[in-house]
1. Right, Thr129: farther than 25 Å from Asn52 by Cβ, of a type in the set (Val, Ile, Thr) and loosely packed, with under 13 Cβ neighbours inside 10 Å or not?
2. Identify the single condition in (1) in contact with a His (Cβ under 9 Å, 6 or more places away or on another chain); (2) away from ligand 1 (no atom under 11 Å from the Cβ); (3) in contact (Cβ under 8 Å) with a residue 40 or more places away in the chain that Leu10 does not satisfy, given that it satisfies every other one.
3. Quick check: is even one residue across the range 187-203 without any contact (Cβ under 8 Å) to a residue 12 or more places away in the chain and among the polar types (S, T, N, Q)?
4. With respect to Ile49, is the statement that it is hydrophobic (A, V, I, L, M, F, W, C) and either within 8 Å of ligand 1 (Cβ to nearest atom) or part of a strand (DSSP E or B) (or both) true?
5. Against the conditions (1) among the small types (Gly, Ala, Ser); (2) within 16 Å of ligand 2 (Cβ to nearest atom); (3) touching a helix residue (DSSP H, G or I) at 6+ places or on another chain (Cβ under 7 Å), where does Ala92 fall short? Just the number, please.
6. So which pairs qualify, if the first residue must be in the range 154-169 and under 12 Å from Glu82 (Cα atoms) and within 16 Å of ligand 1 (Cβ to nearest atom), the second must be of a type in the set (S, T, N, Q) and modelled with pLDDT of 95 or more, the Cβ gap must be under 7 Å, and the two must be at least 6 apart or on different chains?
7. Being crowded, with 18+ Cβ neighbours inside 10 Å, over 29 Å from Leu5 (Cα atoms) and out of contact with any Pro (no Cβ under 6 Å at 6 or more places or on another chain) is true for just one of Lys113, Lys97, Lys123. Which residue is that?
8. Does Ala185 satisfy being modelled with pLDDT of 95 or more, within 16 Å of ligand 2 (Cβ to nearest atom) and hydrophobic (A, V, I, L, M, F, W, C)?
Amino acid sequence: METILTIENLSKRYGRIQALKNVSFSIQKGHVYGILGPNGSGKSTTLGIVLNVVNETTGSYKWFDGKMQTHEALKKVGAIIERPNFYPYMTAEENLKLVCKIKSINYSKIEEKLDLVGLTERKNSKFSTFSLGMKQRLAIASALLNDPEILILDEPTNGLDPQGIHQIRDIIKEIASQGTTILLASHLLDEVEKVCSHVVVLRKGEILYSGSVDAMSANEGFFEISANDNLAL
Ligand code: ADP
Ligand code: MG
């Protein structure tokens, strides 16, 4: 099986804060891989490191079995790690055209991706009129324009109402069913259980569990630990 991302003994300090400690896991092609942990457990730091926007302190990671340099590999990675940010007075479609221009992608995928995220009917609406859920869905469409091998999402359902949460989770499942590997950071156990095939559970920067979601869910001891950590159940 093709390995998409391998992380080995990653540690990160921000001054005196040990944000990650000896974190190792690997993501195979087709996995829907969760990083599950409460606030401050190191999820975003892990994503920042593999996206080359945060420096690791020690340890290493490699994309696609190390077959290419990080900056080449990152062209095959779609990521949404911040709140969606587009031009407010441009329409959804215009914003995606701009992304295509900046990234030298042709416009041919715009229609398909708008459809995938359920925004075809709103393609001529200005971004400023979108709800948070619609903004998040536009960001997903944007990240998929160049058909990345893997889509990385950092807490994509935060702040959404139940319907918005449901829509995003369904879209993630649909993207995964089309063969795109997913890496999803979440503090919600039920989200990981509903969406992910595999998971690494972090607490205070250390791995509590990694493996299949089914095996995690079957392990009652884990639930005790997570309840004590205030992981939303
Ligand atoms: P999560 O995404 O799971 O909430 P983070 O990776 O954001 O966790 O944070 C892990 C730890 O590192 C936390 O204690 C957080 O306060 C700290 N941290 C994150 N980013 C920085 C930063 N830029 N400077 C200092 N500390 C940081
Ligand atoms: Mg975070």
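1. Criteria met by Thr129.
2. Status for Leu10: all satisfied but (1).
3. no
4. The answer is no for Ile49.
5. Unmet for Ala92, out of (1) among the small types (Gly, Ala, Ser); (2) within 16 Å of ligand 2 (Cβ to nearest atom); (3) touching a helix residue (DSSP H, G or I) at 6+ places or on another chain (Cβ under 7 Å): (2).
6. Asp154/Ser44; Glu155/Ser186; Pro156/Gln136
7. None of the others qualify; the one that does is Lys123.
8. Criteria met by Ala185.
The values are calculated or read from the model by the stated rules, or taken from the named source; none is laboratory data. Quantities reported herein were computed from a predicted structural model and do not represent experimental measurements. Every residue, glycine as well, gets a Cβ built from its backbone with ideal geometry; the counts of neighbours run over all protein chains shown.
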